[in-house]
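Below: one structure, written as structure tokens.
The values are calculated or read from the model by the stated rules, or taken from the named source; none is laboratory data. What you see is a predicted model, and the numbers here were worked out from it, not measured in a lab. All Cβ positions, glycine included, derive from the backbone under ideal geometry; neighbour counts span all protein chains shown.
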Amino acid sequence: MLNILSTVQTVKMVKISKNYIPKSTEKYMCEKHKAFFKNKLLEWKKDLVKSNNEALYNSSLDDNSTSADIVDQASSYTEKNVEMRAINRQIKLISKIDSALKKIKDGTYGFCEETAEPIGLKRLMARPVATLCIAAQEKHEKEEKVYADD
């Protein structure tokens, strides 16, 4: 019987400097790369959570919904709606960050979900939660556009 835990890889504790940047001359998704992206993702998640908490706290403080002026009430409602949509997008992004962190842990981070090819350091630097290589992403977007046009 195959032991599931034997297929799970753990990220070794690798020390990297704060200004370390992954290089294409290093082995793709070596321990330094994984440590770099893990740190980047954790920092991003921390910033998003802090931002969401502040937005929710501030939103609870300014409540113009009890204002007598109907225009003020409508404006307040619109602002809160925009804020809540932004928070919802950030919550979805936090979920993607969590998925990326799991992929780092299991050794699949940085590889395309469709082709299993490397996503590439430049793409991951720009979008650390990317799950598709550029070719697969373009194919996916073309298919999306075709279905949207129907």
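Key figures for this structure:
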quantity	calculated
Residue count for segment 93-106, restricted to those that are within 8 Å of the chain's Cα centre (by Cα) and of a type outside the set (S, T, Y)	6
Within segment 103-140, tally of residues that are outside any loop (DSSP other than H, G, I, E, B) and surrounded by fewer than 12 Cβ atoms within 10 Å (Cβ to Cβ)	3
Some residue of segment 4-13 being more than 16 Å from L121 (Cα to Cα), touching a Ser or Thr at 6+ places or on another chain (Cβ under 6 Å), at pLDDT below 90 and not β-branched (V, I, T)	no
Tabulated pairs, segment 71-89, first surrounded by 13 or more Cβ atoms within 10 Å (Cβ to Cβ), second of a type in the set (G, A, S), C-beta under 6 angstrom, 6+ apart or interchain	Q73/S65; Q73/S67; S76/S65; E83/A55; E83/S59; I87/A55
Test: residue in segment 74-91 that is closer than 26 Å to V129 by Cβ, modelled with pLDDT of 85 or more, part of a helix (DSSP H, G or I) and small (G, A, S)	yes
Residue ID - nearest to P128 (Cα to Cα), chosen from residues in segment 22-37 that are surrounded by fewer than 10 Cβ atoms within 10 Å (Cβ to Cβ) and not charged (D, E, K, R)	S24
